[in-house]
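In what follows, a structure is listed as C-alpha cells, so that the remarks can point back to it.
The values are calculated or read from the model by the stated rules, or taken from the named source; none is laboratory data. Computed from a predicted structure; not experimentally measured. Don't worry about glycine lacking a Cβ; one is built from the backbone with ideal geometry, like all the others, and counts go over all protein chains shown. Heads up: the accessible areas ignore ligands, DNA and RNA and are worked out on the full protein's heavy atoms, side chains in. Shrake-Rupley method; radii C 1.70, N 1.55, O 1.52, S 1.80 Å.
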Amino acid sequence: MSELYSLHTHTLRAPGEPLYAVLADNVDGLSKQKARQAIIAGLVSVDEAIASSPTSKLDDKTVTIQLDLRQGLKKAKQQASKHAYSILYEDNDVIVVDKAAGILSAPSQRDDHGHIPELLRNHWRKQKIKMPYIGVVHRIDQATSGCLLLAKNKSAQNILSQQFKSHAAERRYRCLCLGQPRKNQDTLSSKI
C-alpha cells in the first residue's frame, strides 16, 4: 500500500475553540475547509470517540487526527518518481498506463515537469522511438493512482475525447476510505 494512505496521528489541546479551526491551525497544509471535510468523513476523534461536528468546542479535550496530509503526498512523490507508471496496453493509436499517486497526469502549468506525457517521451527517447505526439484524453488527480488513457495521434485523441465527453467510455472507481464511514452505502449523483 502506498505511504499516501498510511495514518499519521497528532494530539492537540485547545479549550473553547471550534474543532475545525484547531485542526487547521495545527496541521501544516490543512485548510479550514479540508479540516471540516476530515471531521465529516470520520477521520477525527475527540477523547477516543469519532467527532461528528466541525464546530464543536474542544473544552480542553484531547483530539487525535488520523491524516497523512503533511507527509503523504511528499512520500508518494518520492516513491512515485521511482515507479511513476507502468504500461498496461499500447498499440499504434493509444497507450494505457497505471499512474502512481503523486505524479501529474498532464502539465497544469507551462513549467511543470515529471508528468506522464513527459515521462513517456523520455521512455521512448531512451528506446530510440520517435513519438512526437501524446494527446491527453482525460486526467486523474495527482494524489490518485490509476489507469490513464493517452492518444498517440490527433485522430485517436479526437475519437476518445468524444467518447469520454458523451460518457460512452465506461470508468469505474474504487476508493480507499480512512476512518469510519458514516453510512454502509451511498450514491453520488453530482459531478465528482
Return the pair list, or none, for Cβ contacts closer than 9 Å from residues in the stretch 92-119 that are touching a residue at least 12 places away in the same chain (Cβ under 8 Å) to residues that are of a type in the set (Asp, Glu) and part of a loop (DSSP other than H, G, I, E, B), at least 6 apart or on different chains. Ala101/Asp141; Leu104/Asp112; Ser105/Asp141; Ala106/Asp112
Which residues, taken from the stretch 81-103, are in contact with a helix residue (DSSP H, G or I) (Cβ under 9 Å, 6 or more places away or on another chain) and either at pLDDT below 90 or open to solvent by 90 Å² or more (accessible area, probe 1.4 Å) (or both)? Ala84, Asn92, Ala100, Ala101, Gly102, Ile103
So Leu148 passes all but one of these: (1) open to solvent by less than 40 Å² (accessible area, probe 1.4 Å); (2) without any contact (Cβ under 8 Å) to a residue 40 or more places away in the chain; (3) not in a helix (DSSP H, G or I). Which condition number does it fail? (2)
Note on the stretch 54-73: residues modelled with pLDDT of 55 or more and either basic (Lys, Arg) or open to solvent by less than 50 Å² (accessible area, probe 1.4 Å) (or both) are Pro54, Ser56, Lys57, Leu58, Lys61, Thr62, Val63, Thr64, Ile65, Leu67
Within the stretch 19-53, work out how many residues are part of a loop (DSSP other than H, G, I, E, B), over 11 Å from Gln180 (Cα atoms) and open to solvent by less than 50 Å² (accessible area, probe 1.4 Å). 3
May I ask you to say which residue of Ala169, Ala156, Ala76 is of a type outside the set (Phe, Trp, Tyr), open to solvent by less than 50 Å² (accessible area, probe 1.4 Å), at pLDDT below 90 and assigned to a helix (DSSP H, G or I)? Ala76
Which of the residues that make up the stretch 128-140 are farther than 15 Å from Asn153 by Cα and open to solvent by 100 Å² or more (accessible area, probe 1.4 Å)? Lys128, Arg139
